[in-house]
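Okay, structure first, notes after.
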Amino acid sequence: MRKPMMAGNWKMNKTVPEALALARQIHALVGGSAVVEQLLCPPSICLHALKMLAEEMPFSLGAQNCHWEESGAYTGEISPAMLRGLVDYVIIGHSERRQLFGESDETVNQKTRAALAHGITPVVCVGEMLEQNERGQTGETINRQVRAALDGLSGAQVQSSIIAYEPIWAIGTGRAATAGTAGDICGQVRAILGEMHGETVADTVRILYGGSTKPDNIGAIMREAHIDGALIGGAALEAASYAEMVRITGEMYGA
């Protein structure tokens, strides 16, 4: 069975003291879970402080982005070599990175390869824009993005990755894909993985859904067979809502 994950993407929120306080509040509410993996992805400036805390509390730690080079004249960037030993995961290709900072399918692939080379699990984001959704182009968009992101990777490397389906029109808007629709697209992602590397690989990879996930809809989302967790934005910035999502998921998986 694929272990469910509740991944909180804190985006550009929380100072170091605020990040520590939020992590402690979450732990006080939900504690550890042998069933649900709790992943916190704070701003990079908070990673070291939370790494120290993670040694006492059972959460995984992730970065929100990385460069593909190990070092160089890339002002403001963070390399996977710098993240190694500090984080377990790194989010790659989030729609906000694609829309606001020029991320492309090519750079997503380069970053995915770099993360894997340094033993960091990439959480590779794919998702369609509203116009693509309305034109019925969701399927072809997801197909292109998944194949491009994983181009050149071995089956073992793909098994060491996570895919997150986040429809761009649902991020931060309060609108979410229906659980059935999200499940269908995540099923398509799994089918693509199967075509690329076989059913054994496809059945192993965790696939998350993101886009206005919250306690009210997480139960329906997690009942979908091909969804293994959530990449959570705004609801992860409040300890009570994030903890409730962990609790609901844990109960569904028999915790």
Query raised in the report: In debye to the nearest 20, how big a dipole does the stretch 129-173 give about its Cα centre with +1 on each Lys and Arg Cβ and -1 on each Asp and Glu Cβ?
Result: 120
**Report entry** the stretch 36-97: chymotrypsin sites (Phe, Trp or Tyr not before Pro) in DSSP coil with no more than 11 other Cβ atoms inside 10 Å
**Finding:** Y74
Query raised in the report: Considering only T173, A115, G234, whose Cα is most displaced toward the positive end of the charge dipole of the stretch 5-249, charges sitting on Cβ of Lys, Arg (+1) and Asp, Glu (-1)?
Result: G234
Report task. Report, in debye and to the nearest 20, how large the dipole of the chain comes out about its Cα centre when Lys and Arg carry +1 and Asp and Glu carry -1 on their Cβ. Result -> 300
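Taking the chain, how many lysine pairs are there with alpha carbons less than 23 Å apart, if each pair must be eight or more places apart or span two chains? Don't skip to the end; give the middle numbers.
Details: K3/K51; K3/K214; K11/K51; K11/K111; K11/K214; K14/K51; K14/K214; K51/K111.
Here the count comes out as 8.
Only the coordinates and a few stated rules stand behind these numbers; no lab work does. These figures come from a predicted structure and were not determined experimentally. We place every Cβ from the backbone using ideal geometry, glycine too, and count neighbours over all the protein chains shown.
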